[in-house]
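Student: Submitted below is the structure of interest, expressed as structure tokens.
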Amino acid sequence: MTELDDTDRALVAALAAGLPLVQEPYAEIGSRVGISETDVMARLRRLDDTGVIKRFGLVVQHRELGFNANAMVVWDVPDDLVGELGRHLSVYDFVTLCYRRPRRLPQWPFNLFCMVHGKDRNAVRAQIAILNEETDAGRYPNAVLFSRKRFKQCGARYGAAKETADIIPLDRNDRQIINNLQGGFPVCDAPFAEAGRELGLNEDEMIRHIRGMCDSGVLSRFGPLFNAERLGGEVVLAAIAVPADRFDDVAEAVNAHPEVAHNYARDHRLNMWFVVSAERPGRIDEVIAEIEAETGLHVYPMPKEEEYFIGLKVTV
Amino acid sequence: MNKVNWVPRMDETDRQIIQATQEGLPLVPQPYHAIAEALGLQPADVMARMQRMLDDGVIRRMGAVPNHYRLGIKANGMSVWDVADEHVRDAGMELGALEYVTHCYRRPRHLPDWPYNLFAMVHGRRRDEVEAQVAEMARILGPRARRHEILFSTRILKKTGLRLGA
């Protein structure tokens, strides 16, 4: 720890709002703190050298500059290779953070995180493609999580960096909300107040409990559950019987297709089950043909022929 | 029971609303007004469009989306059933009505390798709980189910969320 004296502290406080936009900013700061321009510069240099000041200059508000999209990209990298890959990724200037974090098995297999910023989601996706290609990171299982809107939402939570226990205790009101509000949230001017009336909770209590459950990860999110097929996308489940000794290689080949959204190992002769989704009609058949060509294995497509129920509701 | 292939007309504004809400509603007293403000729309327009998406089934439902793992529901079994074609619709509706069945679909058989045409996902706290639920499902279907199996997931190999309206 670097020792700061009272003058250093006063200097840091005076600079917290930024450097004065005048011709001689250090003289101006010095006069505010009661020291000379030379003393200001000497102290700033020392603070800079010792790392008390991380960076001196522009602190960028990404959103205000039109960097409206940012994504957290995560990979599951073998532990002995994660350090080297992290160093490669952090070289790119569009990567603003790169960390190794603990896995949370089984629901969170990823151990390498980085943030990628760009003007829009397509730009960010293109940058992620560059990372995956050039550093070979794309050979590992990975996922892209775009950031939420800036207003406080209950967005997708994956519990990645959370240190909380796996199972979260719920109070009576939390249970009420989960059991009664997995659907039917009204579309009206003040929906939390309206939904709360039936549960005996006021608007403020509703928002507080829902926010609490979002923050703890009990709720993945609070809002609409969309039906991808109704939006014109096609989604097909498919399965492969993979010889045990080729399992990891085949998983890699299958996962390399961006159209493959989920892939699960299951204990059956058909031991690999994955979901292929695409917007363009016919694309799914192409992807399946590509996977067959790459692996030499038969892919069994299992498209939905009729849907009887999609509930996904739980009771607690 | 839903037809799988019907796609309603959606315009650019609908897509903007989807993008703005697919990760959750703003947790403020007037969430639809907040979305309207963020997108430069009238609140009444946002509400009318979201209500239409609900009516059309573009939004399956709206409200709390629980994380099964965080609630301790960690076992997921895909139960698969061979049901004669003339019974499969009734069987699907009966299984789909069970509280622990989260998805239920008819899918094609691939004979001789894969004789099953009805799929029902079952979630539970532990494997034995899922097995007990599947045993109950087998009792409900009776002789209509010629054979069945449970495929438990053993490893997640890839999981990226479906991103909509991009």
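Student: With N denoting the number of residues in chain B, provide Rg(C-alpha) divided by 2.2 N^0.38 Å, to two decimal places.
Tutor: Normalised Cα radius of gyration, chain B: 1.29.
Student: Still on this model: Leaving out same-chain residues fewer than 8 places away, which aspartates and glutamates sit with a Cα under 19 Å from that of residue A:119?
Tutor: Of all the aspartates and glutamates, those that pass the test against residue A:119 - Cα under 19 Å, at least 8 places apart if same chain - are A:64, A:93.
Student: For q = 0.14, 0.22, 0.27 Å⁻¹, what log10 I(q)/I(0) does the stretch A:224-305 give under the Debye formula with an equal point scatterer on each alpha carbon and no solvent?
Tutor: These q points yield log10 I(q)/I(0) values of -0.45, -1.01, -1.43.
Student: For residue A:202 and residue A:283 in the same chain, what is the full-extension length gain: residue separation times 0.36 nm, less their Cα-Cα distance, in nm?
Tutor: 24.3 nm
Student: In debye, nearest 20: dipole of chain B around its Cα centre with unit charges on the Cβ of K, R (+) and D, E (-)?
Tutor: 500 debye
Student: Let me confirm one metric for peptide B:124-130, namely the mean number of other chain beta-carbon atoms within 10 Å of its residues' beta-carbons.
Tutor: If you average over the peptide's residues, the count of other-chain Cβ atoms is 0.
Student: Okay, moving on. Just tell me how shielded B:94-102 is by partners: mean number of partner chain Cβ atoms within 10 Å of each residue's Cβ, no decimals.
Tutor: 4
Student: Under unit Cβ charges (Lys, Arg +1; Asp, Glu -1), what dipole magnitude, rounded to 20 debye, does the stretch B:69-152 have relative to its Cα centre?
Tutor: Taking the Cα centre of the stretch B:69-152 as origin, the dipole is about 240 debye.
Student: Show me the ranking of peptides A:272-281, A:90-99 by mean Cβ neighbours inside 10 Å, starting with the highest.
Tutor: Descending packing order for the listed peptides: A:272-281, A:90-99.
Student: Can you tell me the orientation of helix B:127-141 relative to chain B, as the angle in degrees between its alpha-carbon axis and the longest Cα principal axis, to the nearest 10?
Tutor: Roughly 80 degrees, rounded to the nearest 10.
Student: In addition: Taking the Cα centre of the stretch A:75-145 as the origin, how large is its charge dipole in debye, to the nearest 20, when only Lys and Arg (+1) and Asp and Glu (-1) carry charge on their Cβ atoms?
Tutor: 340 debye
Student: Considering Cα pairs under 8 angstrom that are at least six residues apart, work out the relative contact order of the stretch A:62-146 and quote it in whole percent.
Tutor: 43 percent
Student: Got a sec? Charge dipole of the protein assembly as shown, +1 on Cβ for Lys and Arg, -1 for Asp and Glu; which of B:47, A:108, B:121 is way out at the positive end?
Tutor: Sorting the options by dipole projection puts first B:121.
Student: Would you mind computing, in nm to one decimal, how far apart the modelled labels at residue A:248 and residue B:113 are, each placed 7 Å from Cα along Cα→Cβ?
Tutor: For residue A:248 paired with residue B:113, the spin-label model returns 2.5 nm.
Student: Starting from the Cα coordinates of the stretch B:69-152, work out the convex hull volume and express it per residue in Å³.
Tutor: 83 Å³
Student: Do the sum for the protein assembly as shown: with -39,500 (n - 2.57) for every DSSP H run of n ≥ 4, divided by all residues, what is the mean residue ellipticity at 222 nm, to the nearest 500 deg cm²/dmol?
Tutor: Taking each H run of at least 4 residues, the total per residue is -10500 deg cm²/dmol.
Student: Roughly how crowded by other chains is peptide B:142-155, in terms of the mean Cβ count from those chains within 10 Å of each of its Cβ atoms?
Tutor: 3
Student: Here is a further query. Order A:257-269, B:35-47 from most to least packed using the mean count of other Cβ atoms within 10 Å.
Tutor: Sorting A:257-269, B:35-47 by mean packing, highest first, produces A:257-269, B:35-47.
Student: Would you kindly work out the equivalent ellipsoid of the protein assembly as shown from its C-alpha gyration tensor and give its semi-axes, the square roots of five times the eigenvalues, largest first in whole Å?
Tutor: 47, 29, 21
Student: Another question about this same structure. Between residue B:90 and residue B:146, what is 0.36 nm times their sequence separation minus the Cα-Cα distance? Round to one decimal in nm.
Tutor: 18.7 nm
Student: Can you list residues whose amide H is under 5 Å from residue B:154's amide H, if they're 5+ apart or on another chain and H is modeled 1.01 Å from N?
Tutor: A:265, A:266, A:267
Student: Starting from the amide H of residue A:226, placed 1.01 Å from N in the peptide plane, find each other amide H under 5 Å away whose residue is 5 or more places distant or on another chain.
Tutor: Under 5 Å from the amide H of residue A:226: B:60.
Student: Choose one of B:95, A:13, A:233: the residue whose Cα lies farthest towards the positive end of the charge dipole of the protein assembly as shown (beta-carbon charges +1 Lys, Arg; -1 Asp, Glu; about the Cα centre).
Tutor: Sorting the options by dipole projection puts first B:95.
Student: What FRET efficiency, computed as 1/(1 + (r/R0)^6) with R0 = 30 Å and r the Cβ-Cβ distance, is obtained for residue A:41 and residue A:93, rounded to the nearest 0.05?
Tutor: Calculated transfer efficiency: 0.55.
Where a number appears in this text, it was derived from the coordinates with a stated rule and is not lab data. Computed from a prediction, not measured in an experiment: that's the story for all the values here. Using ideal geometry, Cβ is built from the backbone for each residue, glycine included, and neighbour counts are taken over all protein chains shown.
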